[in-house]
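Report on the structure given below.
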Amino acid sequence: MISTLCTWEKLGRLFKPDASIPWISTYTGASFALQTKGPFFDVYVTGRDSLNRSTIGRIKLNIENPTEIIEITAKPIFQLGELGAFDENGVSYPWLVQHNGKTFMYYVGWMPTVLTPFQNHLGLAVLKSDGTFERVSKAPILERNNEDYLWIGSACVLVEGNTWKMWYTSLLKWGKGSGEHKHYYVIKYAESKDGIHWIRNNIICIDFKNQNEYAIGKPCVLKIKDKYHMWYSYRGEQYRIGYATSSDGIKWERKDENAGIDVSDHGWDSKSICYAHVLQYKNYLYMFYNGNDFGKEGLGLARLNCNALF
């Protein structure tokens, strides 16, 4: 496991909202980095426009010199869904899986509602030859059921042999009145044989540790040396990045004190940090993460050299 001696080295802010690029003019949100060749990565980034609508674009960078961005798409590579669809008002939280020569992207769709602020549901798209994505279905891939009847948010998917494993965010309830938080959500587990049809047994992997917590989401799981490691965002007053380990990917032990990363003393990530995507490159782990106000102040990168992990 990661010990308390392993502290992430912050490499700085990579990018912040840019008014000259409409799709990312107000927020730089949750991202997923996919290696293309050598040190070069495509970073699929959630951006928000001036109307607060999320779409997904792409940033190219050299992870060995990450603060010098190579390219930013002028337009989103994945747009809003059709009017009335579950993703009509936003697409966000990309998670990509490469399998059998195809690249799949799980994403969260947004739509406004009447009595509650919004609904989230999980969609799936596949990469086309022109670099954009086509929806596998115009409907969510995880339908509502008795346990997940409100909304489903960000997900992480790994393929192990013939089994697709998913850790996903599930809303338990909306808060009622001034004595409760806005909403309450946790991380659950599901399995599939094809990445499209999923079996859910209402297994909660990461639950609240005290009454001050009310939001746990954006899971990111790596399997290293037969041990599962998860980074996630948890919120009391402000978001922090948590850490847990598991021997089977289902039963987890929270070890937030070993996360090795926290807010800075000042600057763009001094109030909150969230939405981690962790990957391995050579003998390092790299973490893409967002700073204050859910990414309003940008996207950053941290690096961890911990020999105990390898």
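The values are calculated or read from the model by the stated rules, or taken from the named source; none is laboratory data. Note that this is a predicted model, so its numbers are computed, not measured. Virtual Cβ from ideal backbone geometry, glycine too; neighbours counted across all protein chains shown.
Residues of the range 8-52 being assigned to a loop (DSSP other than H, G, I, E, B) and within 21 Å of the chain's Cα centre (by Cα), which ones?
8, 16, 17, 25, 26, 49, 52 - these are the residues of the range 8-52 that are assigned to a loop (DSSP other than H, G, I, E, B) and within 21 Å of the chain's Cα centre (by Cα).
Scan the range 103-118 and give yes if some residue there is at pLDDT 95 or above, small (Gly, Ala, Ser), under 24 Å from residue 71 (Cβ atoms) and touching a Phe, Trp or Tyr at 6+ places or on another chain (Cβ under 7 Å), otherwise no.
For the range 103-118, residues at pLDDT 95 or above, small (Gly, Ala, Ser), under 24 Å from residue 71 (Cβ atoms) and touching a Phe, Trp or Tyr at 6+ places or on another chain (Cβ under 7 Å): absent.
Determine, yes or no, whether residue 241 is of a type in the set (A, V, I, L, M) and in a loop (DSSP other than H, G, I, E, B). Walk me through how you get there before you give the answer.
Values: of a type in the set (A, V, I, L, M): yes; in a loop (DSSP other than H, G, I, E, B): no.
No; evaluated as a whole, the condition is false for this residue.
Would you confirm, using the coordinates I've provided, whether residue 243 is in contact with a Cys (Cβ under 8 Å, 6 or more places away or on another chain), aromatic (Phe, Trp, Tyr) and either under 20 Å from residue 67 (Cα atoms) or crowded, with 16+ Cβ neighbours inside 10 Å (or both)?
Details: in contact with a Cys (Cβ under 8 Å, 6 or more places away or on another chain): no; aromatic (Phe, Trp, Tyr): yes; either under 20 Å from residue 67 (Cα atoms) or crowded, with 16+ Cβ neighbours inside 10 Å (or both): yes.
It is false that residue 243 is in contact with a Cys (Cβ under 8 Å, 6 or more places away or on another chain), aromatic (Phe, Trp, Tyr) and either under 20 Å from residue 67 (Cα atoms) or crowded, with 16+ Cβ neighbours inside 10 Å (or both).
Could you check, for the range 299-309, whether at least one of its residues is touching a Ser or Thr at 6+ places or on another chain (Cβ under 6 Å) and either modelled with pLDDT under 95 or part of a helix (DSSP H, G or I) (or both)?
Step one: filter the range 299-309 for residues touching a Ser or Thr at 6+ places or on another chain (Cβ under 6 Å), giving 299.
If we keep only those that are either modelled with pLDDT under 95 or part of a helix (DSSP H, G or I) (or both) too, we end up with none.
No: zero hits.
Can you list the strands (runs of 3 or more DSSP E) lying wholly within the range 62-146 that have 1 or more residues being touching a residue at least 40 places away in the same chain (Cβ under 8 Å) and basic (Lys, Arg)?
Working: elements: 90-99, 102-112, 118-127, 133-135.
Counting at least 1 such residues, we get 133-135.
As an exercise: evaluate residue 269 against (1) surrounded by fewer than 19 Cβ atoms within 10 Å (Cβ to Cβ); (2) touching a helix residue (DSSP H, G or I) at 6+ places or on another chain (Cβ under 7 Å); (3) in contact (Cβ under 8 Å) with a residue 60 or more places away in the chain and give the number of the one condition it does not meet.
The one condition residue 269 does not meet is (1).
Which residue is farthest from residue 78 (Cα to Cα), if the candidates are limited to the range 18-51 and must be polar (S, T, N, Q) and in contact with a Phe, Trp or Tyr (Cβ under 8 Å, 6 or more places away or on another chain)? Give the derivation first.
The initial filter retains those residues of the range 18-51 that are polar (S, T, N, Q), namely 20, 25-26, 28, 31, 35-36, 46, 50.
Subset that is in contact with a Phe, Trp or Tyr (Cβ under 8 Å, 6 or more places away or on another chain): 28, 31, 35, 46.
Working: 28: 15, 31: 13, 35: 19, 46: 10 Å.
Here the residue is 35.
Identify, please: which residue in the range 211-226 is touching a residue at least 24 places away in the same chain (Cβ under 8 Å) and part of a loop (DSSP other than H, G, I, E, B) and is, among those, farthest from residue 146 (Cα to Cα)?
The initial filter retains those residues of the range 211-226 that are touching a residue at least 24 places away in the same chain (Cβ under 8 Å), namely 212, 214-225.
Within this subset, residues satisfying the condition of being part of a loop (DSSP other than H, G, I, E, B) are 212, 214, 225.
Numbers: 212: 26, 214: 21, 225: 36 Å.
Filtering the range 211-226 for residues that are touching a residue at least 24 places away in the same chain (Cβ under 8 Å) and part of a loop (DSSP other than H, G, I, E, B), the one farthest from residue 146 (Cα to Cα) comes out as 225.
Could you identify the single residue in 30, 19 that is out of contact with any Pro (no Cβ under 6 Å at 6 or more places or on another chain), of a type in the set (A, V, I, L, M) and touching a residue at least 40 places away in the same chain (Cβ under 8 Å)?
Values: 19 fails: touching a residue at least 40 places away in the same chain (Cβ under 8 Å).
Exactly one residue qualifies, and that residue is 30.
Before we move on, is residue 147 of a type in the set (D, E, K, R) and modelled with pLDDT under 95? Break it down stepwise before answering.
On the way: of a type in the set (D, E, K, R): yes; modelled with pLDDT under 95: no.
Answer is no for this residue.
Out of 206, 187, 216, report the one residue that is at pLDDT 95 or above, among the aliphatic types (A, V, I, L, M), in contact with a Pro (Cβ under 6 Å, 6 or more places away or on another chain) and surrounded by 13 or more Cβ atoms within 10 Å (Cβ to Cβ). First the steps, then the outcome.
Working: 206 fails: in contact with a Pro (Cβ under 6 Å, 6 or more places away or on another chain); 216 fails: in contact with a Pro (Cβ under 6 Å, 6 or more places away or on another chain).
Just a single option satisfies the conditions, and that option is 187.
Determine whether residue 157 is free of Cβ contacts under 8 Å to residues at least 60 places away in the same chain and part of a strand (DSSP E or B). Working first, answer last.
Working: free of Cβ contacts under 8 Å to residues at least 60 places away in the same chain: no; part of a strand (DSSP E or B): yes.
Considered against the rule, which asks whether it is free of Cβ contacts under 8 Å to residues at least 60 places away in the same chain and part of a strand (DSSP E or B), residue 157 comes out as no.
Okay, residues lined up against (1) surrounded by fewer than 21 Cβ atoms within 10 Å (Cβ to Cβ); (2) not polar (S, T, N, Q):
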residue	(1), (2)
12	yes, yes
22	yes, yes
27	no, yes
31	no, no
38	yes, yes
41	no, yes
59	no, yes
63	no, yes
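Looking at this structure, is residue 87 of a type in the set (Asp, Glu) and surrounded by 15 or more Cβ atoms within 10 Å (Cβ to Cβ)? Let's see the steps before the verdict.
Values: of a type in the set (Asp, Glu): yes; surrounded by 15 or more Cβ atoms within 10 Å (Cβ to Cβ): yes.
When the stated conditions are applied, residue 87 passes them.
For the range 134-162, enumerate the residues that are within 21 Å of residue 250 (Cα to Cα), out of contact with any strand residue (DSSP E or B) (no Cβ under 6 Å at 6 or more places or on another chain) and of a type in the set (S, T, N, Q).
145, 146, 162
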